[in-house]
Each structure stands twice: as C-alpha cells, then as structure tokens.
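A short write-up of the structure that comes next.
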C-alpha cells in the first residue's frame, strides 16, 4: 500500500471511523486511546438504560483496550457503520471477563444479565419492529454453544449465540471468530440481509442486582478470502 493510503487509514482510525485496510479489513475499533470529552471512545455513542455507565479506555504494555463495569446497571456503546455483511462476513474480536453477574442466565428474562455482549444490527424499516440483531454473549449459566431468541427483545427479533459460558476462562483474553453472514442465514433463514448499520457493546446486571466486569479489544470485520 502506498504511503498516502496508510496515512488515510490512520486518520480514519484516530477519528473513530471504521476504516478499510487494503479493502480486506473493516476495523470497527482497536481502542487506540482517542476519547471525547466524556471519555467515550471516538465514534461511539453511549446509551444508559439503567443507572450510570462505568467505563474507561486503558493501556497495558502499549496496547489499548476498553474496560466496562456494571453495578446494578444496564448500558451500551453503539457505533454506526454501513456495509454489506456478505462482503465482510468474518468478525473477530478479543475479550476478557473478570466478573460474571451472579445468577445471570440469558434463557430467562428475569435473569438476562451478561458481562460480555457484542451485537451486530441489521435494521429494516420500521426499525422498532423489523430490525434483525445477532448477539454474541458470555453467559454465567448457559452452556457454550446455546442459540436462542433473546427473552428480553419484544420486538425486534434478536438471536443470541452463547460463545462462552461460566467461570472457566475468567481472567483470560479470548479471541473469537464468527462468520456472521453464515450465522445470519442460519438464524433468520434469509440469503440477502440488510446492510449492517450498528455494532454495539453491552453490559448489564440490573435484573440480578449484581456486578460484572469485561474488557474488549480489536473488533474487526474482514473478507472471507
């Protein structure tokens, strides 16, 4: 890649805008340390549903990452994007959990709390009733590999995929990799999805009245070949 192209991608990343690296990779965020006046990573919007959000961009050995905490709260960070999941189907990210919400269980609405949650949103008009959402979560009680309809979404339809379950891997950085296009086809039974318009990170503990802690880094979509 020419120097000018590299500089252009660097500018986009610093501005908090998803960048295409040589048309192969769509970087959602690597949490480079750039934040706004409220400490929110550039390009993200904070939505507090219950209580006050607790978060910070942190750095360890030169690597930045995003630190989320919840104490009887529910909040999310949302980033607007606009791309075809068929072109960039592979989603990778790293996460580490250090505390799970006590009694959290995504299978029941009254205990639907998780420390680690990443959502990919496919809006349709009208969004409130027709948007399709896939959520990848780390649940305290539900076995890894479980796939279900979110008990808390009524509507729009939200499909939950449990990628990690329980305390076995607490304190470890885990790298996840999903073919979101294949997940979309399997979960919604459609070949042609709407464009991806939002990626969100969520943490909540308001149902179980407990606390949780999670870290995210290196959220990237890329081409399959």
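In the chain, the C-alpha radius of gyration followed by the widest Cα-Cα span (Dmax) gives 16.9, 54 angstrom.
For a label point 7 angstrom out from the Cα of residue 98 toward its Cβ, which stretches of the range 189-225 have the backbone nitrogen within less than 13 Å? Only 212-216 pass the distance filter.
If you take every DSSP beta bridge fully contained in the range 3-222, what fraction is antiparallel? Give it as a percent rounded to 5. Display every interim value, and only then the final one.
On the way: 64 of 71 bridges.
Within the range 3-222, antiparallel bridges account for around 90 percent of the total.
So what is the relative contact order of the range 3-222, in percent, for Cα pairs below 8 Å that sit 6 or more residues apart? Can you show the working numbers first?
Working: 575 pairs, mean separation 65.6, N = 220.
Answer for the range 3-222 is 30 percent.
Averaging over all projection directions, the Cα-based convex hull of the range 151-217 occupies 6.3 nm² in the image plane. With neighbour counts taken as other beta-carbon atoms within 10 Å, the residues 148, 26 rank, fewest first, as 148, 26.
Each of 144, 52, 197 was scored by other Cβ atoms within 10 Å of its Cβ. Arranged with the fewest first, they read 52, 144, 197.
With a/c under 1.5 counting as rounded, go ahead and sort the range 106-225 into rounded, prolate or oblate using the C-alpha gyration tensor (a ≥ b ≥ c being the square roots of the eigenvalues; past the cut-off, prolate if a/b is larger than b/c, else oblate).
Working: a/c = 1.84, a/b = 1.28, b/c = 1.44.
Here the range 106-225 falls in the oblate category.
Of 152, 70, the sequence from fewest to most neighbouring Cβ atoms within 10 angstrom is 152, 70.
Please give the contour-minus-distance gain from residue 50 to residue 176: 0.36 nm per residue of separation, less the Cα-Cα distance, rounded to one decimal in nm.
Values: separation 126, 0.36 × 126 = 45.36 nm, distance 2.82 nm.
That works out to 42.5 nm of additional length.
None of the figures in this text is laboratory data; all of them are computed from the coordinates on show. This is a predicted model, so every value here is computed, not measured. All Cβ positions, glycine included, derive from the backbone under ideal geometry; neighbour counts span all protein chains shown.
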